[in-house]
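> Dumping the structure here so I can ask a few things about it.
The values are calculated or read from the model by the stated rules, or taken from the named source; none is laboratory data. These figures come from a predicted structure and were not determined experimentally. Here Cβ is always computed from backbone atoms with ideal geometry, including for glycine, and neighbour counts include all displayed protein chains. Just so you know, the surface numbers come from the protein's heavy atoms only, side chains and all, with ligands and any DNA or RNA stripped out. Shrake-Rupley method; radii C 1.70, N 1.55, O 1.52, S 1.80 Å.
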Amino acid sequence: MEKITYTIDMAKKIREIKVPVKGLKMDIRARPNYLAVTVYEENVMEYNESQRMALMEYLLKVRDLIMSYGTPCEIEGIKYNNGSRWVWQ
């Protein structure tokens, strides 16, 4: 099985996509079989409904860009609950 990697070229291309909101916290994480575009619930909930829609469109563009390199990619959310975090399931 080929190792999943996040390349410098991917990072540069992602930075070329205009982020629709200020203060977005997003990570790209390597998982065993894919890259995860990770966002955080407490951060996402800071935005109004139209900003969240624009944010989702942005995340889909990022995912699609990563997938265009032949790399499997998923969007993950980290839920926030009284100071503890876990992955949305």
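> State which residue is most open to solvent (accessible area, probe 1.4 Å) when the search covers only the stretch 53-83 and only residues that are touching a Lys or Arg at 6+ places or on another chain (Cβ under 6 Å) and under 20 Å from K12 (Cα atoms).
I75
> If you go through the stretch 27-39, how many residues are open to solvent by 20 Å² or more (accessible area, probe 1.4 Å), touching a Phe, Trp or Tyr at 6+ places or on another chain (Cβ under 8 Å) and not β-branched (V, I, T)?
Of the residues in the stretch 27-39, 1 are open to solvent by 20 Å² or more (accessible area, probe 1.4 Å), touching a Phe, Trp or Tyr at 6+ places or on another chain (Cβ under 8 Å) and not β-branched (V, I, T).
> Looking only at the stretch 1-26, count how many residues are open to solvent by 70 Å² or more (accessible area, probe 1.4 Å) and in a helix (DSSP H, G or I).
Summing the residues that are open to solvent by 70 Å² or more (accessible area, probe 1.4 Å) and in a helix (DSSP H, G or I) in the stretch 1-26 gives 6.
> Still on this model: Of everything in the stretch 40-51, what is within 13 Å of the chain's Cα centre (by Cα) and either part of a loop (DSSP other than H, G, I, E, B) or surrounded by 15 or more Cβ atoms within 10 Å (Cβ to Cβ) (or both)? Give them in sequence order.
Those that are within 13 Å of the chain's Cα centre (by Cα) and either part of a loop (DSSP other than H, G, I, E, B) or surrounded by 15 or more Cβ atoms within 10 Å (Cβ to Cβ) (or both): Y40, N43, V44.
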